[in-house]
1. Using label points projected 7 Å from each Cα along Cα→Cβ, tell me how many nm separate Y3 and R131, to one decimal.
2. Between E92 and E118, what is the spin-label point distance in nm, taking each point 7 Å from the Cα along the Cα→C-beta axis?
3. For the full complex of protein chains and a 1.4 angstrom probe, list H128, H44 by accessible area with the highest value first.
4. Given the protein chains as shown and a 1.4 Å probe, how many square angstrom of V95 are accessible, to the nearest 10?
5. Looking at the square roots a ≥ b ≥ c of the eigenvalues of the Cα gyration tensor of segment 88-167, which shape do they give, rounded for a/c under 1.5, prolate if a/b is larger than b/c, or oblate?
6. Considering the options L104, L19, Y160, tell which one lies farthest towards the positive end of the dipole of the chain, charges being +1 on Lys and Arg and -1 on Asp and Glu at the Cβ, about the Cα centre.
7. In debye, nearest 20: dipole of segment 54-121 around its Cα centre with unit charges on the Cβ of K, R (+) and D, E (-)?
8. Segment 117-151 to segment 19-73: how many Å between their Cα centroids?
Amino acid sequence: LVYGPGWTNLGGLGSGEMLIDFLGLPLEGGAEEIRRWLPHEVAHIIHSNREGDNDDGTLLSAIISEGFASYFTDQYWGESMNSAEALGYSEEEWVWAVQNERELWSDASKQLDTRDSEAILPYRSRSHRVRPDAPTAVGYFLGYRIAEAYVAQNGEGSYYEIFDLPA
């Protein structure tokens, strides 16, 4: 738990460590931010303990990691949080992403194996966009849809298997 520098709200530091930066939380509703993002960050910590993933560091890995953490958050909170909220999206951003999903996949699929941090940033960052009209962090959305499809194919509760699967 830290007070500053305020560049994040919650985040993983690697090696099973996480921080909550109180200066990065909004003045109003800071506890809600912790509630929203804590399961997400815990999922990252658990998922990062899998072994031997040759795709680590790629756009595909970033999409899976962020999307699965968001899906886990959705499952953790159940009906008290909807899919958009689990992604940190407004309802309008969720609707835009669903309506433009095919184009988002088309763009992402051309570079899934890239390790170029500049190419990965718009898919992962809350301050960059893959398209001017897109919500931020569309990689969270794409990965969420992958986790959702995995569960649809493998049955309720199968999302726990994703903790150990390579990207």
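The values are calculated or read from the model by the stated rules, or taken from the named source; none is laboratory data. All figures in this text were calculated on a predicted structure; none of them were measured in a lab. All Cβ positions, even for glycine, are placed from backbone atoms using ideal geometry, and neighbour counts span all protein chains on display. Ligands, DNA and RNA are stripped out before the accessible areas are found, and what is left, the full protein with its side chains, is counted by its heavy atoms. Shrake-Rupley method; radii C 1.70, N 1.55, O 1.52, S 1.80 Å.
1. With each label placed 7 Å out from Cα toward Cβ, I get 4.5 nm.
2. Roughly 3.2 nm, to one decimal.
3. Values: H128 75, H44 35 Å².
Order by accessible area, largest first: H128, H44.
4. Its heavy atoms expose roughly 70 Å² to the probe.
5. On the way: a/c = 1.99, a/b = 1.36, b/c = 1.46.
Because a/c hits 1.5 or more and a/b fails to exceed b/c, segment 88-167 counts as oblate.
6. After comparing all options, I get L104.
7. About 180 debye.
8. Rounded to whole Å, the Cα centres lie 13 Å apart.
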